[in-house]
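Questions regarding the structure given below will be posed in turn.
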Amino acid sequence: MEIFRCNCDDLKEGLNFINDYVIWKDGEVMNVVNNVCKHKGGRFGKPKGKATDIEDVVTCSRHGWQLSMKECIYTNPKGNLRQERLRTRIENGVLIFYGKLSIIELSITYSMYSPPQQVRQPNGMLLLLTL
Ligand code: FES
């Protein structure tokens, strides 16, 4: 599990894309999610054509799903599908949150005698696989 810290004053109002996270700042409210789409693991970005960062919607770069960072609910497709909010706390003006260890699907075939392999997860963590 990764512990992430950033100075609240360094975050702008609205959307912030930092490392593998999307942070929505609205005054004292901070919503943080992994920058991994629930559909098939794409990354979120700002919707095309939006002139301001105050909009709370991010769009997945792969198939266009849209997530409202204000509520952490997908707005496209509709259906109350939620993106998990990471647990956060603020101490002395520093936002602290815990990245999540995610389950990944491997499509790599190893022989019985393969040496340990390192696999980087979407959140940047390294897994050491030994078979
Ligand atoms: S992976 Fe995000 S919409 Fe498909």
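Laboratory data are not the source of any read-out in this text; all were calculated from the coordinates shown. Model, not experiment: these values are computed from the prediction. In this analysis, Cβ positions are derived from the backbone assuming ideal geometry, glycine residues included, and neighbour counts consider all displayed protein chains.
At a 10 Å Cβ-Cβ cut-off, how would you order Leu11, Leu95, fewest neighbours first?
Details: Leu11 16, Leu95 21.
Going from sparsest to densest Cβ surroundings: Leu11, Leu95.
Holding the Cα-Cα limit at 21 Å, pick out from Lys38/Lys78; Lys12/Lys38; Lys46/Lys70 the pairs that are longer than that.
Distance filter (> 21 Å) returns Lys12/Lys38.
Kirkwood hydrodynamic radius for the range 2-100: how many Å is it when counted over pairs of different Cα atoms?
13.6
In addition: Using Cβ counts within 10 Å as a stand-in for footprinting exposure, how do Val58, Val36 rank, fewest first?
Ascending number of Cβ neighbours within 10 Å: Val36, Val58.
Lys25: which aspartates and glutamates have alpha carbons under 14 Å from its alpha carbon, excluding same-chain residues fewer than 8 sequence positions away?
Reachable aspartates and glutamates: Asp9, Asp10, Glu13, Asp53, Glu55, Asp56, Glu71.
Okay, moving on. Whole-Hz ³J(HN,Hα) for each residue in the range 21-33, computed from phi via Karplus 6.51 cos²θ - 1.76 cosθ + 1.60 with θ = phi - 60°, x for glycine and proline: what do you get?
Whole-Hz 3J(HN,Hα) from phi for the range 21-33: 10, 10, 10, 9, 10, 9, x, 8, 7, 10, 9, 10, 9.
Arrange Arg43, Arg82 by Cβ neighbour counts within 10 Å, fewest through most, would you?
The order, fewest Cβ neighbours first, is Arg82, Arg43.
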